[in-house]
Amino acid sequence: MKRRIRIRVSGRVQGVGFRPTVYRMAVARGLAGWVRNAPSGVVIEAEGEDAPLERFVADLRERPPRQARIDNLAVEDAPPAGGETFEILTSQRSGDLTVGLPPDLATCDACLAELTDPNDRRRRYPFINCTDCGPRFTVARELPYDRERTSMAGFRMCPACSREFGRPGDRRFEAQLDACPVCGPRLTLLDAAGAGLPGEPLREAVRLLREGRILAVKGVGGYHLCCDACRDAAVELLRERKSRPHKALAVMFRSLDHAREHCRIGPEEERLLVSAARPIVILKTIPESGLSCLLSPDTRDVGAFLPYTPLHHLLLAEVAPLVMTSGNRAEEPIARDEAELRRILGPIADHALAHDRPIVRRCDDSVVRVADGCPLFIRRSRGYVPDGISLRGESSGEGPAADSILACGADLKNTFCVSRGTLAFVSQHVGDLMDPRNEEFFHEAVADLCRLLGVTPALVARDLHPDYVSTRQAGRYPDARHVAVQHHHAHIAACMAEHGLDGSVIGVALDGFGMGDDGTFWGGEFLAAGRGAYRRVARFKPYRMPGGDAATEHPERMAYSCLLTELNGDEDRIARLLPGLGPDLRAALRRMVEGGARSPLTSSAGRLFDVVSAMLGVCGAITYEAQAAVRLEAAAEGVAAAAPYGWLMAGDTLDFGPALREIAEDIEAGRDRGAIAAGFHETVAAACARACETIRLRERLDRVALSGGCFQNARLLGGLTRELLGRGFRVYSHARLPPNDACISLGQVAIARELARED
Ligand code: ZN
Ligand code: ZN
Ligand code: FE
């Protein structure tokens, strides 16, 4: 007896070779029917005898394409339609797509084998790709993901490529970006003025890199700036031209084995390095490995990654390791096209290795580190965006159809987030919105993601801060309902959403800044928080921040403010502890702190780390955000456990005054700086865990969610997690998004959605 079934598959099932795989499986089982992309994923109808139908469904579940991820697979009966053949139906453009575009995928092993095979027609072709690999998010102009709507639309396939594309048994069957040296994109080498140079571009580029030149190389989500990673002079020149004196530069290695010659790599780090997302993974360097010591002057870490395009493979085979850092000036958006290339080619890069396949969407590399065996994202962008994150809680089902929400995020490390149904799509890294170019990028990218997802936001969530750029951007949607969300509530809600937590938790938000609901700057907060509401139940003791932002840029000034309070105004001691501050500056700071003018109060935990960093002489002034904390964590490296310093819990205030006084004494006694730095980390972990115990008794909550930029510090995250687990708490930290302000937009969406449901 023949019967027909309809199968609906959702998840990451478009743009990853799903339909060709379905086709091959159906043909192998002798089934008739069709497969097509649909708004919700992929729909299949298959007709045949029971046994092959069952085996077909089992095949789908057990052997989906390598880069696919099936979230749901539902089978139902359908009326028989007869027919002998199985077909791939072309996409229907009607309907609203919620999925359909995977992240960019690193070159697969099969393509790599062709790249190096001297007899293959694509040997050494820098744009080799297949249904398992290649760019996706950065090349799709519109959905559904078909060639005519990608940046390959302008390239006409040659007969050989057309045959592969149309042949169901071929691994390039329906590979939308299929190309070869005859019909596909080509490399060009440009000089500093943007003029094309003669010669074989790749060979010339290799020669220039070997000479120590700086090259702009067109990648997947933008240009990289590249130079020899073992040559101090080249790295120094790149830093100088890019105005980036200290912040770490990423390094690309030829292969995993090559990376092992320079860095220590654990199992989780290896998994991340070779994953199709190919993030930059922060690793410990092996001393004397030959890498330039200017790559990461503040730590013994290096941001390492492996080639993810055929061009990378070809380049790195000749000259490696290479510095590969975002092609931009300072904090501007990464250069994507020819006009933007002009901003870096000349001023920064001596030459550019470019090509004629356009980049549709800008997307920086992702950055991740491993803390206690788990990935800890510092930046989630290429390779992960636009995968959706489910907004469903533990108990809530699908619920009624929800309005789409746009959340504008925070001003630093900005991402925004657009929801559709129960999925939240967090954008690629946008960056610091104070830069007008990033603000422009934000505006374009919001419109772009809304268009891709086919949504018009009915609800717009933004930060409480009235003067934020992201708040101003929210104003561009006057027809939507607006929700203002407190920064640290958003942090905690993001962590809850990632883990599907409902109900209430103790939220520990240790952070730089966010505007509190009392108008002061928060950043060391304990919240009793649900997705809908929160109450602040404890906080770090606030101190004056003399000169506002100036105290962030100069940790010594913040340290002065704290010590003025904690050392009872003993100027002589403060002068010895903070030798970088002259008497005039100290007098000016004192007037500001005591008078309160231009000196807002802050309970920021980030600033407290800055203060200790400044006291230890580790970092008096910063050139990039969180530099003082990065150096403090590095100073504590290699020091095992240290006894915590003192602290006080007075009412709802966690007071680290005793610790600051003891640290001052230890410094005066000439104690080892590493031990002091380690002891301070222990202190914050122990004190926060103790505060959670007090809150547990009062609020009857035993789950703790950790969020905020301070948790990029693996020592703090690990220390506090262990303290909390030891006290019987269930502990949740970010697993899919960074704990820094890049997670704010997801939290804003979760909160806005909850508020809309309560109405
Ligand atoms: Zn491939
Ligand atoms: Zn071709
Ligand atoms: Fe924050």
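Ignoring everything but the protein chains, give the 1.4 Å probe accessible area of L464 in square angstrom, nearest 10.
Here the residue's solvent-accessible area equals roughly 50 Å².
Given the rule -39500 (n - 2.57) for each run of at least 4 DSSP H residues, summed and divided by the residues of the chain, what is its mean residue ellipticity at 222 nm, to the nearest 500 deg cm²/dmol?
Only helices count here, giving -10000 deg cm²/dmol.
In percent, what relative contact order does the range 616-759 have, based on Cα pairs under 8 Å that are 6 or more apart in sequence?
Relative contact order, the range 616-759: 20 percent.
If R₀ is 56 angstrom, what is the calculated FRET efficiency for the pair A74 and L197, using the beta carbon separation as r and rounding to 0.05?
Efficiency for this residue pair is about 0.50.
So for the range 187-364: antiparallel DSSP bridges make up what percent, rounded to the nearest 5?
Here the antiparallel bridges make up roughly 75 percent for the range 187-364.
Quick check: net charge around I695, other residues with Cβ under 15 Å of its Cβ, Lys/Arg +1 and Asp/Glu -1?
So the environment of I695 carries a net charge of +4.
Treating the chain as a set of equal point scatterers at the Cα positions, no solvent, please give the Debye-formula log₁₀ I(q)/I(0) at q = 0.07, 0.08, 0.12 Å⁻¹.
Here log10 of I(q) over I(0) equals -0.53, -0.69, -1.42.
Could you name the lysines in cross-link range of K2, using Cα to Cα under 18 Å and dropping any fewer than eight places away on the same chain?
Of all the lysines, none pass the test against K2 - Cα under 18 Å, at least 8 places apart if same chain.
Treat each spin label as a single point 7 Å out from the Cα along the C-beta direction, and report the T188 to A587 distance in nm.
Output for this residue pair reads 6.3 nm.
Over the chain, what is the percentage of antiparallel beta bridges among all DSSP beta bridges, to the nearest 5?
Expressed as a percentage, antiparallel bridges in the chain total about 70.
Please work out the Cα center distance from the range 241-261 to the range 404-424, rounded to the nearest Å.
About 31 Å separates the Cα centre of the range 241-261 from the one of the range 404-424.
Considering only protein heavy atoms, with the full assembly of protein chains and a 1.4 angstrom probe, order T85, T188, T299 by accessible area, largest first.
T85, T188, T299
Relative contact order of the chain: what whole-number percent is it, with Cα pairs under 8 angstrom and at least 6 residues apart?
Relative contact order comes out at 11 percent.
Over 20 Å between C-alpha atoms is what I'm after, so list which of K242/K284; K247/K413; K413/K541 land there.
Pairs exceeding 20 Å: K242/K284; K413/K541.
Answer rounded, prolate or oblate for the range 539-699, using the Cα gyration tensor with square roots of eigenvalues a ≥ b ≥ c: rounded when a/c is under 1.5, else prolate when a/b is larger than b/c, else oblate.
Oblate, since a/c reaches 1.5 and b/c is not below a/b.
The values are calculated or read from the model by the stated rules, or taken from the named source; none is laboratory data. This is a predicted model, so every value here is computed, not measured. Please note: Cβ atoms are built from the backbone with ideal geometry, for glycine as well, and neighbour counts cover all protein chains shown. We work out accessible area using only protein heavy atoms, side chains counted, and drop any ligands, DNA or RNA first. Shrake-Rupley method; radii C 1.70, N 1.55, O 1.52, S 1.80 Å.
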